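Structure record follows, encoded as structure tokens.
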């Protein structure tokens, strides 16, 4: 019996945002989302089911994690143990490969890599689509990190059809420049932020329908390789998500002064003829969708106002890989 | 016949925003708004109807204005000329008294002072309520500058009942600290911004009802002198207005990096136990509603991150005065 598995998964940046759950337990989203998998950030995870162990151990970057973190992993591994009738505890070794220490962490690559490793270790050998539904239950955005390039997470109608669909490998001069804005304030987690918004923002009721319209439009833009349209929809969808937060009670905003500075720089670059478009998630960092061939030009311009180590250039990333 | 009139009017800051017109020509708003008249900024205007003149002349701060600016004044004075059967052209001398050269200008005090001066010069001698409806046709926000303290502009059901109502003189330890954020970008005018939002933002349809609810709540807070509630409603309503702009297509934002810095400073002050609340209009400046008795403490704190000349402290202002 195979009781050991190791896999790598990449991070992803949503262009059409996942914002709001219709089912907290099953992690079913209010709307479909669409992302670009990126190669600059990935997680490698090994899962070893070991019948000599009395409990689950979770090491992240070689450090043993506390009860709370380990418990999240245990609950997730139970999905695999249940289906494959494995009764063993597990040792999980996970390493995040990040281009800079500051701020850019993601549960997407983490749970996608864990799912892919557990898939091997448990002997389940699920197909990508089904595996994405397992990843989903660890963290919504992990659903999309199963595939590379542009990936849709189909909202679905039940827990059976809420999975990832690969849309396009993004190998047509697509890149991203990420501006790491260090947050001074302790921020509200993405999970809390979306729940607060769903619960209290009168604007939220506009969101799910509007995001579904954006999904249709952006898929058409990808199909036609219409970069300008792709960018405009991305930028608009991100700002609409942030608008729903401003409407929450009390209002919620993840923007820092430097976030606005980065967004202004993007608008200036565009006025100068460089096609690039920003998006922001539940944090102060600004992600700039661009032509990979122009990413260094954009980086040079950002270096006029940001430190070099705050700027990350990346191309599209691949899907999960078994190691 | 009296053919000369001079008056002063003060600026005002909306706590519940005027955002969107239901009738462009009559300047009828989508929703009622409520403001605080402030004493730091005012306009003095003299209107002289002179039958020896062949055209209208408009001097602002002792400089003769161009055709476009003069034409706006002429059209406005026609309202008074028509009602009072005056056939004379006018000479208008207007002076803005601003605490700093940077950025803080307002058509509110301008059209309120012009209306009040024309009211005397034309011999119409309208009551405040009717005069506010004249001022409205010059600039929506001018409606509220007819009165001092807290003033409601009742949205109304027709052009006959869309006027200002004095709510409270605000002489109960109410003040404001204004942070002047210099804009590098040329911004979209308030008039254009609201039209673009009404026309293209799916969030806008939530706004009018929500603002009317805020009006009811804030009037209750004023009646009860509940400063915390007053501030929280103010802050939330302003952010909701900005949320409607983020939802416009293309999106619209007036925020500068320093706007976010000022808003963060307000949140920090509040965490330290100083009750103060921000609001922003269609521009990058941040207006902080506070206790007048704490305004200098707030100014000292803001001086840690802004230049002294960027910070204006003010108390509530009075209504129009005939000079």
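The values are calculated or read from the model by the stated rules, or taken from the named source; none is laboratory data. Bear in mind that the values here come from a model prediction, so they are computed numbers and not experimental data. No Cβ is skipped: glycine too gets one built from the backbone with ideal geometry, and neighbour counts run over all protein chains shown.
Restricting region B:99-118 to residues that are touching a strand residue (DSSP E or B) at 6+ places or on another chain (Cβ under 9 Å) and farther than 21 Å from residue B:149 by Cβ, which is modelled with the lowest pLDDT? Taking the candidates together, the pick is B:100. Which condition number does residue A:179 fail, the rest of (1) within 14 Å of another protein chain (Cβ to nearest Cβ); (2) over 26 Å from residue A:41 (Cα atoms); (3) surrounded by 17 or more Cβ atoms within 10 Å (Cβ to Cβ); (4) in contact (Cβ under 8 Å) with a residue 40 or more places away in the chain being met? Status for residue A:179: all satisfied but (2). If you check A:223, A:212 for being under 20 Å from the mean Cα position of the chain (by Cα), surrounded by fewer than 22 Cβ atoms within 10 Å (Cβ to Cβ) and either under 16 Å from residue A:187 (Cβ atoms) or in contact (Cβ under 8 Å) with a residue 24 or more places away in the chain (or both), only one passes: A:212.
Of all the criteria given as (1) within 19 Å of residue B:201 (Cβ to Cβ); (2) buried (at least 24 other Cβ atoms within 10 Å of the Cβ), the one not satisfied by residue A:253 is (2). So, in region B:83-98, of the ones that are under 21 Å from residue B:182 (Cβ atoms) and buried (at least 17 other Cβ atoms within 10 Å of the Cβ), which residue ends up modelled with the highest pLDDT? So, considering only residues that are under 21 Å from residue B:182 (Cβ atoms) and buried (at least 17 other Cβ atoms within 10 Å of the Cβ), the one modelled with the highest pLDDT is B:96. Can you find a residue that is surrounded by fewer than 22 Cβ atoms within 10 Å (Cβ to Cβ), within 16 Å of residue A:30 (Cβ to Cβ) and within 13 Å of chain B (Cβ to nearest Cβ) anywhere in region A:192-200? Yes, some residue in region A:192-200 is surrounded by fewer than 22 Cβ atoms within 10 Å (Cβ to Cβ), within 16 Å of residue A:30 (Cβ to Cβ) and within 13 Å of chain B (Cβ to nearest Cβ). Which one of these does residue A:25 not meet: (1) over 14 Å from residue A:7 (Cα atoms); (2) at pLDDT 95 or above? For residue A:25, the exception is condition (2). Can you find a residue in region B:305-321 that is over 24 Å from residue B:111 (Cβ atoms) and within 14 Å of chain A (Cβ to nearest Cβ)? Checking region B:305-321: at least one residue is over 24 Å from residue B:111 (Cβ atoms) and within 14 Å of chain A (Cβ to nearest Cβ).
Checking the structure you have, find out if any residue of region B:254-274 is touching a residue at least 40 places away in the same chain (Cβ under 8 Å), touching a strand residue (DSSP E or B) at 6+ places or on another chain (Cβ under 8 Å) and away from every other protein chain (no Cβ under 14 Å). No, the conditions are met nowhere in region B:254-274. Here's a check for you: in region A:295-304, which residue that is part of a helix (DSSP H, G or I) and in contact with a strand residue (DSSP E or B) (Cβ under 7 Å, 6 or more places away or on another chain) is nearest to the other protein chains (Cβ to nearest Cβ)? If we take residues in region A:295-304 being part of a helix (DSSP H, G or I) and in contact with a strand residue (DSSP E or B) (Cβ under 7 Å, 6 or more places away or on another chain), then A:302 is nearest to the other protein chains (Cβ to nearest Cβ). Residues in region A:289-308 that are under 26 Å from residue A:16 (Cβ atoms) and either crowded, with 19+ Cβ neighbours inside 10 Å or outside the structural domain of residue A:268 (by TED's automatic domain parsing) (or both): 5 in all. With respect to the conditions (1) assigned to a loop (DSSP other than H, G, I, E, B); (2) buried (at least 18 other Cβ atoms within 10 Å of the Cβ), residue B:161 falls short on a single one, namely (2). I'd like the full set of residues that are within 12 Å of another protein chain (Cβ to nearest Cβ) and surrounded by fewer than 19 Cβ atoms within 10 Å (Cβ to Cβ), limited to region B:229-250. Of everything in region B:229-250, those that are within 12 Å of another protein chain (Cβ to nearest Cβ) and surrounded by fewer than 19 Cβ atoms within 10 Å (Cβ to Cβ) turn out to be B:249, B:250. Condition test on residue B:204, is it in contact with a helix residue (DSSP H, G or I) (Cβ under 8 Å, 6 or more places away or on another chain), touching a residue at least 40 places away in the same chain (Cβ under 8 Å) and under 18 Å from residue A:203 (Cα atoms)? Spelling it out, residue B:204 is indeed in contact with a helix residue (DSSP H, G or I) (Cβ under 8 Å, 6 or more places away or on another chain), touching a residue at least 40 places away in the same chain (Cβ under 8 Å) and under 18 Å from residue A:203 (Cα atoms).
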